[in-house]
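K.L.:
Next up is a structure, given as structure tokens.
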Amino acid sequence: MSRRSQLVGSPTALVLGASLVSGVSGYLALILAARTLSPADNAEFLVFWGTVFALYGVLIGVTTETTRAVTTARDDRPATTPLMPVVVGFGLTLVAVVALSGLVWAPAVLGADWLALLGATALGSALFAVHVAVSGVASGRGAWSGYSLLVAGETASRLLLFVVVALTAASVTGFAVASAVASGFWLLATLFSRRYRDLWNQRVEADVRGLLRRLVASCSATGVSALLLVGYPVLLRVTTPDDVFAGAAPLVLAVSLCRAPLLVPLGAYQNVVVSKVAAHGVRALVPVLVGLGAVTAVGALAAWPVGPWALRLVNPDYHVDGPVFAGLVLGAGLVAVLTVTGAAAVALDHHTVHLAGWIAATVTTLGVLLVPGMLEARVVTSLLVGPAVGVLVHLVWGRRRIR
């Protein structure tokens, strides 16, 4: 039996199904935290959530490069380099550096309980470093059912643990630890399934030095993208006075809720994008971009009347105006397009184009947030202008290189 025949299924159906589970679980987890924590505590929790998932976003670069390395392996060349020791070791080293540096940045970012939250961040990131490596091999082999189970299992486990915390000891630290432990779902899969254990035996033809160089490039790009995708609450906090940010929980939650329907599925599906573009070129992006455009337009129209009502269901004290919701959905659509154009660049081994687009988007977003003005106007404008600039960089600079 060939390695590509293991755990194989239709990538679109399986991954989108797992993405649906992931998106719903993430939604419910955020809603549960919002309903059980005070607005001030929830603002602190959302900063933790943004911080840890920004670090997870950095580690997604391991999945992206691992997928590319396994997908492009040729049967007529010897695959002599064991993949998992290299990618897992790289990921854990990265986590260790971030955890140690947290002694400097965590007190300012994570608030009064920074030490406990930093510990949860380190634990979750270490577990996620292995998760992304196993996921990368599965998606590189085309083992989409195995990959999908990892995606769905991790997020569903997080929701289950959140329910336990909400019923027993609801606190920022409790939810943070629950979020971290859920990233160890891969351990259960590996212990109880021979097929997952077989993923650990993957070899590639790349030399270790070349593999590490590509991992650094991929994680650098996904790290910058993660700061904009899920680390946005951190950007908002460092550009907003404390007294204003203390009341920002409704808006920060609205940003997350508007993004989740697009970005959570796309986060899981982008490995399919990488595989398809690597095999068929950028033409494979056309149906994805058309679909994103249609979903964004419909979502923005629906968010205007529905958004404020839905937010009040989450917490009756939360209010964000309809036009703001519509703008947030449009911004989420632009970030989704930026994610897709970046994935195309990575698939064709043009990491510099990928990184440049995300740097441009993040720097522009931060610059807009620094402009004086009302909080809602700054947030919506930054989430529209920043990603648009990044997409332009990908299209203009990458036009000749990723065609």
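K.L.:
Relative contact order, percent, of the chain when contacts are C-alpha pairs under 8 Å separated by at least 6 residues?
P.N.:
Values: 631 pairs, mean separation 93.4, N = 403.
Relative contact order here is 23 percent.
K.L.:
Stokes-Einstein at 10 °C, 1.306 mPa s, Kirkwood radius from Cα pairs: D for segment 38-188 in µm² s⁻¹?
P.N.:
So the translational diffusion coefficient is about 97 µm²/s.
K.L.:
Just order 366-372, 130-136 by mean Cβ neighbour count inside 10 Å, highest at the front, would you?
P.N.:
Values: 366-372: 14.4, 130-136: 26.9.
Per-residue mean Cβ counts within 10 Å order the peptides as 130-136, 366-372.
K.L.:
I'm checking a number: the convex hull volume of the Cα atoms of segment 80-132, normalised per residue, in Å³. What is it?
P.N.:
Hull volume over Cα atoms, normalised by residue count, gives 59 Å³.
K.L.:
How do 111-117, 38-44 rank on mean C-beta neighbours within 10 Å, highest first?
P.N.:
38-44, 111-117
K.L.:
Also, I was wondering about something else. If packing is taken as the average count of other Cβ atoms within 10 Å, what order do 291-298, 194-201 fall into, highest mean first?
P.N.:
Result, highest mean first: 194-201, 291-298.
K.L.:
If you don't mind, there's one more thing I want to ask. For q = 0.10 Å⁻¹, what log10 I(q)/I(0) does the chain give under the Debye formula with an equal point scatterer on each alpha carbon and no solvent?
P.N.:
The computed values of log10 I(q)/I(0) come out as -0.62.
K.L.:
Residues of segment 82-112 with backbone nitrogen within less than 20 Å of a virtual label 7 Å along the Cα-to-Cβ line of SER193, please, listed as ranges.
P.N.:
It comes to 83-85, 88, nothing else.
K.L.:
Could you give the accessible area per residue of segment 283-369, probe 1.4 Å, as a whole number in Å²? Provide the component values of the computation, followed by the final result.
P.N.:
On the way: 3440 Å² over 87 residues.
Ligands and nucleic acids excluded, the figure is 40 Å² per residue.
K.L.:
Just tell me, in residue order, which DSSP H segments of the chain are both 18 angstrom or longer along the helix axis (alpha-carbon based) and at least -1.0 in mean Kyte-Doolittle hydropathy. Could you put the intermediate results ahead of the total?
P.N.:
Values: long enough: 11-36 (37 Å, 1.40); 39-71 (46 Å, 0.75); 83-110 (37 Å, 2.20); 114-140 (37 Å, 1.57); 144-168 (36 Å, 1.32); 208-229 (30 Å, 1.18); 249-280 (43 Å, 1.21); 286-314 (37 Å, 1.58); 322-347 (38 Å, 1.95); 351-369 (27 Å, 1.21); 375-398 (34 Å, 1.48).
Both cut-offs are met by 11-36, 39-71, 83-110, 114-140, 144-168, 208-229, 249-280, 286-314, 322-347, 351-369, 375-398.
K.L.:
Let me ask you something else. What is the percent carbon and sulfur in the accessible area of the chain, measuring with a 1.4 Å probe over the protein chains and ignoring ligands?
P.N.:
Roughly 70 percent of what the probe reaches on the chain is carbon or sulfur.
K.L.:
Rounded to a whole number, what is D in µm²/s for segment 291-386 from Stokes-Einstein with the Kirkwood radius over alpha-carbon pairs (25 °C, 0.890 mPa s)? Don't skip to the end; give the middle numbers.
P.N.:
Values: Rh = 14.7 Å.
Reported coefficient: 167 µm²/s.
K.L.:
Express in Å², to the nearest 10, the accessible area of LEU16 obtained by rolling a 1.4 Å probe over the protein heavy atoms while all chains stay in place.
P.N.:
Accessible area, nearest 10 Å²: 80 Å².
K.L.:
While we're on this one: At 222 nm, what helix-only mean residue ellipticity would the chain give, in deg cm²/dmol to the nearest 500, using -39500 (n - 2.57) for each DSSP H run of four or more?
P.N.:
-28000 deg cm²/dmol
K.L.:
Rounded to whole Å, give me the distance from the Cα center of segment 301-333 to that of segment 347-384.
P.N.:
Rounded to whole Å, the Cα centres lie 22 Å apart.
The values are calculated or read from the model by the stated rules, or taken from the named source; none is laboratory data. Values in this document were obtained by computation on a predicted structure and should not be read as measured data. Virtual Cβ from ideal backbone geometry, glycine too; neighbours counted across all protein chains shown. To get the accessible areas, we keep the full protein, side chains included, count just its heavy atoms, and leave off ligands, DNA and RNA. Shrake-Rupley method; radii C 1.70, N 1.55, O 1.52, S 1.80 Å.
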